[in-house]
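Student: This is the structure I want to talk about, given as structure tokens.
The values are calculated or read from the model by the stated rules, or taken from the named source; none is laboratory data. All values reported here derive from a predicted model rather than from experimental measurement. Here the Cβ is made from the backbone with ideal geometry for all residues, glycine too, and neighbour counts use every protein chain on show. All accessible areas refer to the heavy atoms of the entire protein, side chains included, with ligands and DNA or RNA removed. Shrake-Rupley method; radii C 1.70, N 1.55, O 1.52, S 1.80 Å.
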Amino acid sequence: MKKLSRLGQKQRVLDLLGRNGIMRLSEFLANGIHAPTLARLVNQGTVTRPSRGLYELDGAEISMGHSLAEAAKRVPKGVICLVSALAFHQITLQSPNWVWVAIGENSRKPKLTTPPVRFVRFGSHALSTDVETHIIDSVPVNITSAAKTVVDCFRFRNTVGLDVALEALRMSLRKRKAKPDEIAKLAHKLRIWSVLRPYIEGTMADEG
């Protein structure tokens, strides 16, 4: 890779952050950017560090889901799930105090302080089923689909609360974020149908 001057490195940083929104130190190093360059830009106020090891442009417009983008950068193999995914899909009245992130059963749990993250472990099948990629503040973020999130909330009803799972079920059907057959199919695949069945049948009867 061609060696860049200090001015060239600065412009490269600005260009990369303009395209990618948030970047990790390792990503800059892979693009030939030196750590001292980033330190200078942070000291100048051109670049900010929203959390350890992450960088973004100062004054960049950020969305309400910015913490999801940060979490996606900090945990690249994780999947936004449960209450955080419900909030993203707008099928809950809850305001999560942390980002819920699913990781593999044998994955190392990262030690994070910001953004605040709560990890849950999914089996490989559950971790890869019905995962969507959404762009938030220029960052690709893996999030469970609305239907999958509802099913997951019933799977983890003792963690998030049965009331949260029921609220998500009702709102997802009422707002047409998910179809009953989608939820039923996923519930069968994830072996939670016997638990979810009376709730979905009751909800559909109430909704008419």
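Student: What is the local net charge at Arg19, summed over the other residues whose Cβ is closer than 13 Å to its Cβ (Lys, Arg +1; Asp, Glu -1)?
Tutor: -3
Student: Next question. Distance between the C-alpha centers of segment 9-83 and segment 107-137? Whole Å please.
Tutor: Each part reduced to its Cα centre gives a spacing of 19 Å.
Student: Same structure, new question: Where does the chain land at 222 nm, in deg cm²/dmol rounded to the nearest 500, when only DSSP H runs of n ≥ 4 count, each adding -39500 (n - 2.57), divided by all residues?
Tutor: The helix-only estimate for the chain comes to -14500 deg cm²/dmol at 222 nm.
Student: Using 0.36 nm times the number of residues separating Asn106 and Ser194, minus their current alpha carbon distance, what extension gain do you get?
Tutor: This chain segment gains 28.9 nm when fully extended.
Student: Tell me the per residue accessible area of segment 12-142 using a 1.4 Å probe; a whole number in Å² is fine.
Tutor: The answer is 52 Å² per residue.
Student: Quick check: net charge around Thr92, other residues with Cβ under 12 Å of its Cβ, Lys/Arg +1 and Asp/Glu -1?
Tutor: +1
Student: Go through segment 46-142 and name the GluC sites (Glu not before Pro) that are in a DSSP coil and have 15 or fewer other Cβ atoms within 10 Å of their Cβ.
Tutor: Glu61, Glu105
Student: How large a share of the accessible area of the chain, in percent, is made up of carbon and sulfur atoms when the probe is 1.4 Å and the other protein chains stay in place?
Tutor: Looking at the chain in its full context, I get 48 percent from C and S.
Student: To continue, here is another question. Report the local net charge at Ser107: Lys and Arg +1, Asp and Glu -1, summed over other residues whose C-beta lies under 10 Å from its C-beta.
Tutor: +3
Student: For segment 157-205, with the dipole built from +1 on Lys and Arg beta-carbon atoms and -1 on Asp and Glu ones, taken about the Cα centre, which of Ile200, Asn158, Ile183 lies farthest toward the positive end?
Tutor: It is Ile183, whose Cα lies furthest towards the positive end.
Student: Sticking with this structure for a sec: Given the options Val13, His125, Pro96, identify the residue whose Cα lies farthest towards the positive end of the charge dipole of the chain (+1 on Cβ of Lys, Arg; -1 on Cβ of Asp, Glu).
Tutor: Result: Val13, furthest along the dipole toward the positive end.
Student: Then there's this: Of all beta bridges DSSP finds with both residues in the chain, what is the antiparallel percent, to the nearest 5?
Tutor: Counting only bridges with both partners in the chain, antiparallel ones make up about 65 percent.
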